[in-house]
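Novice: I'd like to ask you about the structure that follows.
The values are calculated or read from the model by the stated rules, or taken from the named source; none is laboratory data. Note that the coordinates shown come from a computational prediction; the quantities given were computed from them, not determined experimentally. Cβ placement follows ideal geometry from the backbone for every residue including glycine, while neighbour counts extend to all protein chains displayed. For accessibility, only protein heavy atoms count, side chains too; no ligands or nucleic acids. Shrake-Rupley method; radii C 1.70, N 1.55, O 1.52, S 1.80 Å.
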Amino acid sequence: MQELPIRITTISPIYSPLSLSTGINHSSDTFFELLNQLTKNNAYSKRIHSEKKLQDYLSIAKDNRENRLMLWQDSENPDLKIHVFPNNVAVVEIALTLDSNLSTNELMKQCRLTTNNLISQCYSRFIQSLQESISKLQSQRIKLSSEHIDSPYIYWTTRAMLLTKEELQLSPKQILIKSWLKDTRRSADADDIISGSKNYSLTWLNYVLIDPATEDEDPRLSTMVLAQYFYTAQENCNNQLKQAIDGAYNSKKYSETNKKLASSRVLARLLQVEYHEHINYLNPFKRNLLNEILSGWEFTSLNANGQRMIEVCSSRLQEEDNKRRERSTVMTDLLLVTLSFFTVFELSLYLTEFSREMMSRPALDYNDDKTSFFLQFIANVDADIMFGFGFILTLLLVILYKFIKAK
């Protein structure tokens, strides 16, 4: 009996230039209107949203909410689909058919090369269709960045081997499954799949699915696509936070670093809000499977690491802000000392001038019973002594200020 070719679906997160303005979500008034217009103006897009917000929790078997912006399908290769998400993330799903005589390493290499080639071939059409849709839409709420417009940025490629129950009974396929899952997080899944106690393995990079759905999206694959989106989006947030940390320690452009930190912090927190809200609208199987996949990837630790990076960057920027405040305080103190010196100096000059004028023009104090002893004393003091007195008084005031501030 001749062995059938191996069916493998690759799942590759890529950078997507398309994103929504910060804060727009399913509760926004314009959300569905924007997405409907976006898919209407895009010949490659498949409608995945209703025209308006529907009542939640209408079905237990199906998901009650969709967080993809659209599903892009290549006209020249129907086996290639791009799930477009917000936050500049898209996940490419490609169905491949490869030679069953290839070894595990050769299969993985062939998957990576073929996937990269197919994505590169369709990427220009993908970008062009997005640009045309955005130009027709003419909305500031949907953004199209200029990054990675010319060539795709592929984060990584994972591989799901698709087998039927009949193929599972063949000895070569059983050997291949064990080799395929050998270096994953749970290699024991191979024995469970062969024994029939489990029909999938979705842990790390290499996956196995038994009897995948053919007419509609397989819930296990669609859950993996969703998990890839959340993980990639969080990785992007963490990478932006690393750039902010680099700017905080190695750049003097603290205003730009502050903006980058603020943007990354908001995106990271909104992503967590989106994740915890979206899982409430998944059917029970997909919700449990998503939690299982992300738990195996230590998604919680990835989030916690992002929070630590926020704290590190914030503390560094706070230190620099404190230093700037201290320098500003010193400058303020110097300015106050200078002003006080001239004020006391001017007071001394004024007293000397006024007292001598009073002594030289007795008519100025005609209402007084007698000549002022204080003014008479000052009038007799040498001008240089008065200036020296003003300087000493200013110095005493500075010393008193320092003493009080130290306390």
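Novice: On the basis of being under 26 Å from the mean Cα position of the chain (by Cα) and more than 19 Å from ASP79 (Cβ to Cβ), does ILE177 make the cut?
Specialist: No, not satisfied.
Novice: Would you confirm whether any residue within the stretch 226-235 is more than 23 Å from TYR153 (Cβ to Cβ) and in contact with a Ser or Thr (Cβ under 8 Å, 6 or more places away or on another chain)?
Specialist: no
Novice: Is it the case, given these coordinates, that THR338 is within 30 Å of VAL381 (Cβ to Cβ) and open to solvent by less than 60 Å² (accessible area, probe 1.4 Å)?
Specialist: No, not satisfied.
Novice: Looking at the stretch 246-264, I want the residues that are modelled with pLDDT of 75 or more and buried (at least 16 other Cβ atoms within 10 Å of the Cβ) and have a partner that is basic (Lys, Arg) and not in a helix (DSSP H, G or I) with Cβ atoms under 7 Å, at least 6 apart or on another chain. Which pairs are those?
Specialist: Partner pairs satisfying both residue conditions: GLY247/LYS253.
Novice: Right, here's the next one. Considering only the stretch 154-173, I want to know if a residue exists there that is of a type in the set (A, V, I, L, M) and under 31 Å from the mean Cα position of the chain (by Cα).
Specialist: yes
Novice: Hey, can you tell me all the residues within the stretch 185-201 that are open to solvent by less than 20 Å² (accessible area, probe 1.4 Å) and under 16 Å from GLU292 (Cα atoms)?
Specialist: Residues satisfying the conditions are ASP189, SER201.
Novice: Let me ask another. When the residues of the stretch 202-232 are filtered to those that are within 30 Å of ASN88 (Cβ to Cβ) and either part of a loop (DSSP other than H, G, I, E, B) or of a type in the set (Gly, Ala, Ser) (or both), which remaining residue is most open to solvent (accessible area, probe 1.4 Å)? Lay out the reasoning, then the answer.
Specialist: Taking the stretch 202-232 as the starting set, the residues that turn out to be within 30 Å of ASN88 (Cβ to Cβ) are 202-207, 209, 212-213, 216-232.
Those left that are additionally either part of a loop (DSSP other than H, G, I, E, B) or of a type in the set (Gly, Ala, Ser) (or both): 205, 212-213, 216-218, 222, 227.
Working: LEU205: 66, PRO212: 20, ALA213: 52, ASP216: 117, GLU217: 70, ASP218: 11, SER222: 24, ALA227: 0 Å².
Among residues in the stretch 202-232 that are within 30 Å of ASN88 (Cβ to Cβ) and either part of a loop (DSSP other than H, G, I, E, B) or of a type in the set (Gly, Ala, Ser) (or both), the one most open to solvent (accessible area, probe 1.4 Å) is ASP216.
Novice: Could you tell me how many of the residues in the stretch 233-244 are surrounded by fewer than 21 Cβ atoms within 10 Å (Cβ to Cβ) and in contact with a Lys or Arg (Cβ under 8 Å, 6 or more places away or on another chain)?
Specialist: 2
Novice: Something else: Would you mention how many residues in the stretch 212-250 are among the hydroxyl-bearing types (Ser, Thr, Tyr) and within 20 Å of the chain's Cα centre (by Cα)?
Specialist: Residues in the stretch 212-250 being among the hydroxyl-bearing types (Ser, Thr, Tyr) and within 20 Å of the chain's Cα centre (by Cα): 4 in total.
Novice: Pairs only if they're at least six apart or on different chains, beta carbon under 6 angstrom, first in the stretch 279-294 and more than 18 Å from TRP204 (Cβ to Cβ), second modelled with pLDDT of 95 or more and crowded, with 17+ Cβ neighbours inside 10 Å; list them, first residue then second.
Specialist: So the pair list comes out empty.
Novice: Could you list all residues from the stretch 265-295 that are under 24 Å from SER27 (Cβ atoms), of a type in the set (A, V, I, L, M, F, W, C) and open to solvent by 20 Å² or more (accessible area, probe 1.4 Å)?
Specialist: Selection gives VAL266, LEU267, LEU270, VAL273.
Novice: For residues that are over 28 Å from the mean Cα position of the chain (by Cα) and surrounded by fewer than 17 Cβ atoms within 10 Å (Cβ to Cβ), tally how many sit in the stretch 115-127.
Specialist: Summing the residues that are over 28 Å from the mean Cα position of the chain (by Cα) and surrounded by fewer than 17 Cβ atoms within 10 Å (Cβ to Cβ) in the stretch 115-127 gives 2.
Novice: While we're here: Does at least one position in the stretch 203-218 carry a residue that is in contact with a Pro (Cβ under 6 Å, 6 or more places away or on another chain) and either more than 17 Å from THR158 (Cβ to Cβ) or free of Cβ contacts under 8 Å to residues at least 12 places away in the same chain (or both)?
Specialist: So the first thing to find is which residues in the stretch 203-218 are in contact with a Pro (Cβ under 6 Å, 6 or more places away or on another chain), and the list is 218.
Filter again for either more than 17 Å from THR158 (Cβ to Cβ) or free of Cβ contacts under 8 Å to residues at least 12 places away in the same chain (or both), leaving 218.
Within the stretch 203-218, one or more residues are in contact with a Pro (Cβ under 6 Å, 6 or more places away or on another chain) and either more than 17 Å from THR158 (Cβ to Cβ) or free of Cβ contacts under 8 Å to residues at least 12 places away in the same chain (or both).
Novice: Further, regarding this structure: Given the residues SER151, SER135, which is the only one that is outside any helix (DSSP H, G or I), open to solvent by 20 Å² or more (accessible area, probe 1.4 Å) and among the small types (Gly, Ala, Ser)?
Specialist: The match here is SER151.
Novice: Looking only at the stretch 167-174, decide whether some residue is part of a loop (DSSP other than H, G, I, E, B), more than 24 Å from SER301 (Cα to Cα), in contact (Cβ under 8 Å) with a residue 60 or more places away in the chain and open to solvent by 50 Å² or more (accessible area, probe 1.4 Å).
Specialist: Yes, the conditions are met somewhere in the stretch 167-174.
Novice: Return the residue satisfying two criteria in turn: it lies in the stretch 183-201 and is free of Cβ contacts under 8 Å to residues at least 60 places away in the same chain and in a loop (DSSP other than H, G, I, E, B), and of such residues it is nearest to SER16 (Cα to Cα).
Specialist: Per the stated criteria, the residue is THR184.
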